[in-house]
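Please read the structure below before turning to the comments.
The values are calculated or read from the model by the stated rules, or taken from the named source; none is laboratory data. From a predicted model like this one, the values you see are computed outputs, not experimental measurements. Cβ atoms come from the backbone with ideal geometry, glycine included; neighbour counts cover every protein chain shown. Remember, those area values only see protein heavy atoms, side chains included, never the ligands or the DNA or RNA. Shrake-Rupley method; radii C 1.70, N 1.55, O 1.52, S 1.80 Å.
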Protein chains: 2
Amino acid sequence: VPQVEADLVLPVAVGDYTDFYASIHHATNVGRMMRPDNPLLPNYRWVPIGYHGRASSLVVSETPVVRPHGQVKPESAEVPEHRASQRLDYELELGAYIGVGNAPGVPIDASDAHRHLFGLCLVNDWSARDIQAWEYQPLGPFLSKSFATSLSPWVVTAQALEPFRRAPEPRLEGAPAPLAYLDAGYERERGAFDVELEVWLTSAQMRAAHQPPVCVTRSHARHLYWTLGQLITHHASNGCNLRPGDLLASGTVSGPDPASRGCLLERTWRGTEPLVLPGGEQRRFLEDGDEVVIRGRAVRAGRTTIGFGECRARIAPARDGA
Amino acid sequence: VPQVEADLVLPVAVGDYTDFYASIHHATNVGRMMRPDNPLLPNYRWVPIGYHGRASSLVVSETPVVRPHGQVKPESAEVPEHRASQRLDYELELGAYIGVGNAPGVPIDASDAHRHLFGLCLVNDWSARDIQAWEYQPLGPFLSKSFATSLSPWVVTAQALEPFRRAPEPRLEGAPAPLAYLDAGYERERGAFDVELEVWLTSAQMRAAHQPPVCVTRSHARHLYWTLGQLITHHASNGCNLRPGDLLASGTVSGPDPASRGCLLERTWRGTEPLVLPGGEQRRFLEDGDEVVIRGRAVRAGRTTIGFGECRARIAPARDGA
């Protein structure tokens with residue numbers, strides 16, 4: 001079948017989907033918006049933060065994403081209302097599929113964690129920021145995420161990525177060493193990946209004017225504070241069983257500079273610094289008809305680049321009166 | 001097969017497991033421990049609070065629950081450590097299995113929600129309170145819950161429970177009416193259930209002394225602030241697709257009086273008011289060898305009582321050096 005004629009589908013039946021928060025730059029930026037004097041919570045540099053996501057609403061690239069309804073309460077409003085989200089966002093993430101799982105009650109040693117990684121993919125963890133802000137205390141994000149999570153149709157195997165493994169970035173001054181259960185020579189030396197990650201955007205107006213997509217985020221997997229192996233080990237450290245095909249996503253992969261911020265919440269600083277698109281449109285958050293494309297590639301001098309394909313989706317208008 | 005010889009297994013292959021927080025008494029008690037002056041968060045009476053749980057670690061009644069390891073940081077400690085939980089708790093919950101699901105993007109009207117309920121079960125959402133306290137900000141509970149969640153092996157069908165439907169308890173003074181998308185005559189008139197719920201405990205010492213189990217929680221499904229139908233409608237309100245066999249749990253079913261508090265965190269007020277067991281042992285949180293049994297029954301004058309069976313499990317010691 002020629003690639004252009006193939007119908008791409010989800011490559012894996014995901015049992016459980018877990019979303020982490022592994023970019024310290026992302027956590028710091030989001031924290032700074034809410035707590036300017038104390039952006040990073042005390043647990044961040046010790047414990048990999050994550051939460052369970054929704055498996056049923058994982059969809060393959062090119063599936064339209066319908067703008068969700070939800071409860072929102074603007075600060076100026078007395079009471080919340082139920083309406084279509086006005087703060088729809090993308091989140092650039094790296095996904096990791098589990099190959100061999102672990103039995104219930106049996107943790108995964110950090111030195112073995114890389115052997116449980118089957119392969120990587122691209123993830124767009126769409127987020128409705130206005131719904132999230134109202135619902136997330138005290139149990140975390142829920143309906144602000146579970147309307148859709150888009151996955152690239154290709155799995156780049158861990159084996160193929162062996163030549164692109166690298167040491168994680170050195171931690172910033174004052175950062176503690178990982179606790180022993182999260183520490184392993186393999187992860188220290190080879191736990192990270194040389195994978196470039198990008199987000200491209202077109203609006204309906206841009207497409208009508210035959211304008212090319214514009215790159216709105218240019219990031220890199222090396223910006224993750226925790227390696228994928230550490231996330232696997234942490235996840236199983238309480239005895240939780242990971243099953244083949246389970247998906248662990250990194251959380252938004254933001255880097256230290258503004259162009260590397262992996263979502264519009266950060267890129268536009270909660271809408272206060274809109275992006276200006278070619279043609280003059282402004283974007284605080286996503287509009288109907290916007291198409292978001294995530295791309296990734298493993299790159300190393302002297303090695304053949306490996307493309308990750310793409311994770312693409314267009315925002316469809318909200319249902320009437322939902 | 002005689003019942004005593006049958007091996008009971010999970011009745012349903014659960015795709016996604018969602019845990020709510022639908023008892024206002026539970027939310028208020030837990031909130032009061034952390035924020036004495038402002039126990040209930042502003043969103044509670046408007047939006048049903050819930051989070052995605054872990055499906056892989058759902059286990060059937062009688063499966064031993066191994067005390068989990070995890071990161072904990074006592075307030076007095078400078079840095080966290082990774083060790084066996086010292087604050088293991090039960091949570092008494094009512095579970096709801098989805099029958100007919102909804103297509104992605106298509107919400108479930110509140111007046112139809114009850115038609116999506118296949119049946120009920122008993123849930124023990126085991127919680128490691130020390131792990132939870134350190135990990136849960138800002139994305140909610142994660143490894144503090146995902147080591148095991150116990151389910152009763154029986155499903156009591158919604159059809160069988162029709163005679164036990166009832167109006168929810170009147171809301172307390174000042175509580176707002178539900179937003180329109182959560183409101184329906186059916187739920188107002190018949191959304192709650194006359195189901196009594198109990199938790200029974202034995203310690204290893206009690207069993208050795210042939211002492212009978214002691215009832216540590218006596219509660220009732222009428223104490224839920226949101227009906228199961230409202231939880232179903234809310235869950236699908238963003239277009240999230242519920243699939244047949246998905247499990248929605250109520251959250252801890254606590255009532256207004258101390259004996260009806262559905263977990264030890266509340267029963268012992270975070271360990272400050274230990275329970276005294278027959279034989280003189282004290283319990284702040286669960287000890288190795290403790291066995292917890294949840295029972296439920298639908299009761300109404302003039303109707304034959306329907307038992308829910310039981311959800312039973314014993315705490316096994318933590319793994320060495322995990």
Listed residues B:K145, B:K73 arranged by accessible area, highest first, probe 1.4 Å:
B:K73, B:K145
What do you get when you divide the Cα radius of gyration of the range A:220-309 by 2.2 N^0.38 Å, with N the number of residues?
1.43
Out of A:E135, A:E75, A:E281, a Gaussian network model of chain A with alpha-carbon springs under 10 Å gives the largest mean-square fluctuation to A:E75
Here the Cα Rg-to-2.2 N^0.38 Å ratio for the range A:37-169 is 1.29
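Top to bottom by accessible area (1.4 Å), largest first, where do A:R67, A:R319 land? Mind showing how you got there, number by number?
On the way: A:R67 25, A:R319 105 Å².
Output order, biggest surface exposure first: A:R319, A:R67.
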Helix-only CD estimate at 222 nm, as mean residue ellipticity for chain A, using -39500 (n - 2.57) per DSSP H run (n ≥ 4)
-3500 deg cm²/dmol
Rounded to a whole number, the mean other protein chain Cβ count within 10 angstrom for residues of A:145-158 is 2
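Once the convex hull of the C-alpha atoms of the protein assembly as shown is built, how many Å³ does it hold per residue, rounded to a whole number?
With only Cα atoms used, the protein assembly as shown gives 173 Å³ per residue.
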By how many degrees, 0 to 90 and rounded to 10, does the Cα axis of helix B:24-34 deviate from the longest principal axis of chain B?
40
If you average the sequence gap of Cα pairs under 8 Å that are 6 or more apart and divide by the length of the range A:1-88, what percent do you get for the contact order?
25
Stokes-Einstein D in µm²/s, Kirkwood radius over Cα pairs - the range B:8-83 at 10 °C with 1.306 mPa s viscosity
99
Axis-nearest residue in chain B [Cβ, rotation onto A], distance in whole Å:
B:G140, 1
Enumerate the calculated ³J(HN,Hα) couplings along the range B:144-156 in order (Karplus 6.51 cos²θ - 1.76 cosθ + 1.60, θ = phi - 60°), each rounded to whole Hz, writing x wherever the residue is Gly or Pro.
5, 10, 8, 6, 5, 9, 8, 10, 5, x, 9, 10, 8
Which aspartates and glutamates, on any chain, are close to A:K145 with Cα under 13 Å apart, when same-chain ones fewer than 8 places away are left out?
A:D19, A:D89, A:E91, A:D125, A:D130, A:E135
Which of the residues in the range B:71-89 lose at least 10 Å² of accessible area when you go from the chain alone to all protein chains together (probe 1.4 Å)?
B:Q71, B:V79, B:P80, B:H82
Using a simple charge model, +1 on the beta-carbon of Lys and Arg, -1 on the beta-carbon of Asp and Glu, nothing else, what dipole does the protein assembly as shown show about its Cα centre, in debye to the nearest 20?
220
How large is log10 I(q)/I(0) at q = 0.09 Å⁻¹ when the Debye formula is applied to the Cα atoms of the range B:117-254, each weighted equally and without solvent?
-0.37
About the Cα centre of the range A:265-318, how large is the charge dipole given +1 on each Lys and Arg Cβ and -1 on each Asp and Glu Cβ? Please answer in debye to the nearest 20.
440
Choose one answer from A:D37, A:D19, A:D257: the residue with the largest mean-square fluctuation in a GNM of chain A with alpha-carbon springs under 10 Å.
A:D37
Per-selection Kirkwood Rh - the range A:49-123 (Cα, Å, 1 d.p.):
16.5
In debye to the nearest 20, how big a dipole does chain A give about its Cα centre with +1 on each Lys and Arg Cβ and -1 on each Asp and Glu Cβ?
340
Would you list A:V216, A:V100 from the most to the least accessible area, probe 1.4 Å?
A:V100, A:V216
State, to one decimal in nm and shortest first, how far the label point of A:V1 sits from each corresponding label point in the other identical copies (label point: 7 angstrom along Cα-to-Cβ).
4.1
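I want the antiparallel fraction of DSSP beta bridges within chain A, as a percent rounded to 5.
Bridges in chain A that DSSP calls antiparallel: roughly 85 percent.
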List the distances, in nm to one decimal, from the label point of B:T272 to the label points of the same position in every other copy, shortest first, placing each label point 7 Å from Cα along the Cα-to-Cβ direction.
3.8
Could you state, as a whole-number percent, how many of the C-alpha pairs of chain A are farther apart than 32 Å?
26
Which one, A:P42, A:P68, A:P274, has the greatest fluctuation when you compute a Gaussian network model over chain A with C-alpha springs under 10 angstrom?
A:P42
Can you give the accessible area buried between chains A and B, summed over both chains, with a 1.4 Å probe, in Å² to the nearest 100?
5300
Between the range B:226-296 and the range B:79-148, how far is it from one alpha carbon centroid to the other, in angstrom?
10
Using the Kirkwood formula over every pair of different C-alpha atoms, what hydrodynamic radius in Å results for the range B:271-322?
14.2
